[in-house]
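Colleague: Have a look at this one before I ask anything.
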Amino acid sequence: MDIHCPQCNEPWDTFHLLEDEISNGYDDLTDDDFESFKLSRGMLEPKTQTALESRGWKFAGKNILSFVACSCCKDNLDWMEENLSTHEFQELKTIFASRTTEREIFCELLEHDLDGLLSTIAN
Ligand SMILES: [Zn+2]
């Protein structure tokens, strides 16, 4: 099951986010951080959140599934800006801003209901 980034439309597999993403070259995190993260079903400790945010991730809540920007946003948006017309790019940015606001609202409403959040935002 994928969740698309609301700002760049990159699809992210939920299993990857909950199990693998933080073990993907984050040198500041330890094996204990990885195990704690996996056991918590994606809840972000400040150290883990800071490590992810250093790569472009942004979150509307305290779970990794509440992301509103991802590590691919910069590259994806740069590509879109270079390859789409100005009008098309501006229309996409408007759609992405609307999706981000919608994601923030869902994350606030369902912060303590991970399954509810997942079923609402996953594709
Ligand atoms: Zn993104």
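The values are calculated or read from the model by the stated rules, or taken from the named source; none is laboratory data. Because the structure is predicted, anything quoted here is derived from the model rather than measured. All Cβ positions, even for glycine, are placed from backbone atoms using ideal geometry, and neighbour counts span all protein chains on display.
Colleague: Failed condition for Leu18, given (1) in a helix (DSSP H, G or I); (2) crowded, with 19+ Cβ neighbours inside 10 Å; (3) touching a residue at least 40 places away in the same chain (Cβ under 8 Å); (4) within 16 Å of the ligand (Cβ to nearest atom), with all others met?
Modeller: (4)
Colleague: Of all residues in the range 25-41 being outside any helix (DSSP H, G or I) and out of contact with any Asp or Glu (no Cβ under 9 Å at 6 or more places or on another chain), which is nearest to the ligand (Cβ to nearest atom)?
Modeller: Narrowing the range 25-41 to residues outside any helix (DSSP H, G or I): 25-30, 40-41.
Retained after the next criterion (residues that are out of contact with any Asp or Glu (no Cβ under 9 Å at 6 or more places or on another chain)): 25, 27-30, 40-41.
Values: Gly25: 18, Asp27: 22, Asp28: 21, Leu29: 21, Thr30: 27, Ser40: 23, Arg41: 22 Å.
Of everything passing the filter in the range 25-41, Gly25 is nearest to the ligand (Cβ to nearest atom).
Colleague: Somewhere in the range 94-104, is a residue more than 17 Å from the chain's Cα centre (by Cα) and without any contact (Cβ under 8 Å) to a residue 24 or more places away in the chain? Please lay out each step first, then the result.
Modeller: Of all residues in the range 94-104, those more than 17 Å from the chain's Cα centre (by Cα) come to 94.
Cutting the leftovers down to without any contact (Cβ under 8 Å) to a residue 24 or more places away in the chain gives us 94.
Looking through the range 94-104, at least one residue is more than 17 Å from the chain's Cα centre (by Cα) and without any contact (Cβ under 8 Å) to a residue 24 or more places away in the chain.
Colleague: Then there is this: Check the range 92-101 and report whether any residue there is in contact with a Ser or Thr (Cβ under 6 Å, 6 or more places away or on another chain) and within 12 Å of the ligand (Cβ to nearest atom). Break it down stepwise before answering.
Modeller: Residues of the range 92-101 in contact with a Ser or Thr (Cβ under 6 Å, 6 or more places away or on another chain): none.
Among the residues of the range 92-101, not one is in contact with a Ser or Thr (Cβ under 6 Å, 6 or more places away or on another chain) and within 12 Å of the ligand (Cβ to nearest atom), which makes the answer no.
Colleague: Another one. Given the criteria on the phi < 0 side of the Ramachandran plot, of a type in the set (Gly, Ala, Ser) and modelled with pLDDT of 95 or more, does Ala69 qualify? Write out each step before concluding.
Modeller: On the way: on the phi < 0 side of the Ramachandran plot: yes; of a type in the set (Gly, Ala, Ser): yes; modelled with pLDDT of 95 or more: yes.
Against the criterion (on the phi < 0 side of the Ramachandran plot, of a type in the set (Gly, Ala, Ser) and modelled with pLDDT of 95 or more), Ala69 qualifies.
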